[in-house]
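Visitor: This is the structure I have questions about; it appears just below.
Read-outs throughout are calculated quantities, based only on the coordinates presented, and are distinct from any laboratory measurement. Quick caveat: nothing in here was measured; it's all calculated off a predicted structure. Neighbour counts are summed over all protein chains in view; Cβ atoms, including those assigned to glycine, are modelled from backbone coordinates with ideal geometry.
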Amino acid sequence: MPIDQRNPARCGLSWATKVVASGVFITGREPDNILKLSCGWMAAPDSLLKEAIETKNPAPILSLPIEADVNADEKSVRLSLNGEEGFARFIGDQGCVILDRPDDDLHFTPRPVERKPIKDGLFPDDAAVTGEEGATGLDAEKLRAAVDGMFDNPMQFTNAFVVLHEGRPIVERYRAPFGPSTQFESWSMGKSIAATLIGVCEREGRVDLDEDGLFDAWRGADDKRRAIRARDLLNMASGLQFSGSYGKDEDHSVKSENGVFLDHIYVYGGGVNSFEFSRDKPLADPPGAAGRYRNCDPLLAVGLARERAVGGDIEAFLNWPQQRLYDRIGSDGMVLETDPYGHFLISGHDYGRARDWARLGQLYLQRGAWGGDQILNEDFVDFVQTPAEKAWAHNPYYGGFFCTNATGLMPGSPKDVFWMSGGGLQRTMIIPSKDLVIVRLGHMSGAIFGVEDTLNETVAAIAALVA
């Protein structure tokens, strides 16, 4: 059963439990480290989280008496706090899922993801690339100094930093104990994966961005949701009623409203059928009129891709992103997690190596092509990096599940930079004018300590080295 949305404490703890399980069984971290650096805030009362953000002092959250029980044999995790418990289990190539009770059954059958071996030689098999080895034609000393800035402040917790220039890696650096094979938390960069899956479907003639009547449940003669187009979903402008507080100008310390866990994060923490929960929401605004940062839209975009690609077959779709996208760009390290019903939680629960994100960024830099294979239409690549100025008129920075620099969010960087964006300042940045792809991955808690300013300075400095 899904967890009661009217129990925010349980929902938040369950969400944290899933993140601990993924950190242990996918990334290889210790539970205490994960709670401190990645997800303790999920279980914290809103007032405590607000205090930590305003004072830049996470100590009260770090002192929460959360007890973690990891069962290595069963590959499960239980968290306890103030009489509440959360449960999660590792299920294989679909990562970890939230459970209401530890012995609950799943509502689908997990499947191994078949991955083709990498043959293109973009990255070495073992050692990370260094600036000295890769920065042909650039000032290696200045490049190294710029990248040093990303790692100088240990409280910013930059875990990985990768730079591709002219289609080759020139910098690849990790914070110990991590390395090229580490699969990191990536958060909402997964929304850009959702966009890419729609792009693959468009290229294959399965989806038209301007079509409406996307789902059977919306096709009633009097159903106003019928007018929602695929492009509205990608612009985060479906107009569906979906509570949240994680938009750019919203209060990120708020996790519940009137005693109800916010919809935007309930799809993560509730063990709910995330697709149906999103699909069945009523319309609040005219489609395409109001841009709002809400997880219903990427979840529905992935649901649309599933219906068009495999006729809605949940288990058949578990291999589809690897076969139709990742195998084609030589990427074999992504773990796309699901809810207990088998729907990808691709709006935030995805674990991948920095190299996997760099490859996806390079696909967009190459206008949707890879080795002669046109995976995305070029006009789709243009679409995702074009601000939806009508829907986001109040702050026109958002494209098609990508952020853009149209309003100067990255001061000092070229105006044409666009990026995949995730909580804790996870970023995959594409700069066409400089032939650059830059990936930064880190722990959520590092965002409190000024890492955004550091990243802006670093990216600007690297871009300035390129003629």
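Visitor: Please report the net charge: other residues with Cβ closer than 13 Å to the Cβ of Thr182, K and R +1, D and E -1.
Guide: My count for the surroundings of Thr182 gives +2.
Visitor: While we're on this one: Write down the radius of gyration of segment 8-99 and its Dmax, each obtained from C-alpha positions, in Å.
Guide: When restricted to Cα atoms, segment 8-99 yields Rg and Dmax of 12.8, 41 Å.
Visitor: Here's something else I'd like to know. Straight-line reach from Lys415: which lysines have Cα under 26 Å away, leaving out those fewer than 8 places along the same chain?
Guide: Result set, ordered by chain and number: Lys142, Lys191, Lys248, Lys390, Lys434.
Visitor: Under 16 Å Cα-Cα from Lys281, which lysines qualify once same-chain neighbours fewer than 8 residues away are excluded?
Guide: Straight-distance partners of Lys281: Lys224.
Visitor: Compare the peptides 394-403, 60-69 by average per-residue count of other Cβ atoms within 10 angstrom and give them in order, highest first.
Guide: On the way: 394-403: 21.7, 60-69: 15.4.
Descending mean neighbour count gives 394-403, 60-69.
Visitor: Lysines within cross-link reach of Lys36: Cα-Cα under 17 Å, excluding same-chain residues under 8 positions apart?
Guide: Lys18, Lys50, Lys56
Visitor: What is the extension gain from Ala464 to Asp212, computed as 0.36 nm multiplied by their sequence separation minus the C-alpha to C-alpha distance, in nm to one decimal?
Guide: The Ala464-Asp212 span can extend by a further 86.4 nm.
Visitor: How large is the charge dipole for the chain, taken about the Cα centre, if only the Cβ atoms of Lys, Arg (+1) and Asp, Glu (-1) carry charge, to the nearest 20 debye?
Guide: Once rounded to the nearest 20, the dipole reads 400 debye.
Visitor: Using only alpha carbon pairs under 8 Å that are at least six residues apart, calculate the relative contact order of segment 326-447 and give it in whole percent. Can you show the working numbers first?
Guide: Values: 192 pairs, mean separation 21.2, N = 122.
Taking the mean separation of contacting Cα pairs over the length of segment 326-447, I get 17 percent.
Visitor: Here is a follow-up. Can you give the FRET efficiency to the nearest 0.05 for Asn57 and Asp223, using r as the Cβ-Cβ distance and R₀ = 35 Å?
Guide: 0.10
Visitor: Then there's this: For segment 10-23, what does the Karplus curve 6.51 cos²θ - 1.76 cosθ + 1.60, with θ = phi - 60°, yield as ³J(HN,Hα) per residue in whole Hz, taken in order and with x for Gly and Pro?
Guide: 5, 4, x, 5, 5, 4, 4, 4, 4, 5, 4, 4, 5, x
Visitor: Per-residue ellipticity at 222 nm for the chain, helices alone: DSSP H runs ≥ 4 residues times -39500 (n - 2.57), over residue total, nearest 500 deg cm²/dmol?
Guide: Computed ellipticity for the chain at 222 nm equals -8000 deg cm²/dmol.
Visitor: So, one more: With a ≥ b ≥ c the root eigenvalues of the C-alpha gyration tensor of segment 58-190, is it rounded (a/c under 1.5), prolate (a/b larger than b/c) or oblate? Working shown, then result.
Guide: Details: a/c = 3.61, a/b = 1.65, b/c = 2.19.
Oblate.
Visitor: Right, here's the next one. Can you tell me the relative contact order of segment 8-99? Whole percent, Cα pairs under 8 Å, sequence separation 6 or more.
Guide: Rounded, it is 35 percent for segment 8-99.
Visitor: Which whole-number percent gives the relative contact order of the chain, counting Cα pairs below 8 Å spaced six or more residues apart? Provide the component values of the computation, followed by the final result.
Guide: Working: 997 pairs, mean separation 96.0, N = 467.
Rounded, it is 21 percent for the chain.
Visitor: Another question, if that's okay. Starting from the Kirkwood radius over alpha-carbon pairs of the chain, derive D by Stokes-Einstein at 37 °C in a medium of 0.692 mPa s and give it in µm² s⁻¹.
Guide: Taking Rh from Cα pairs, D becomes 148 µm²/s.
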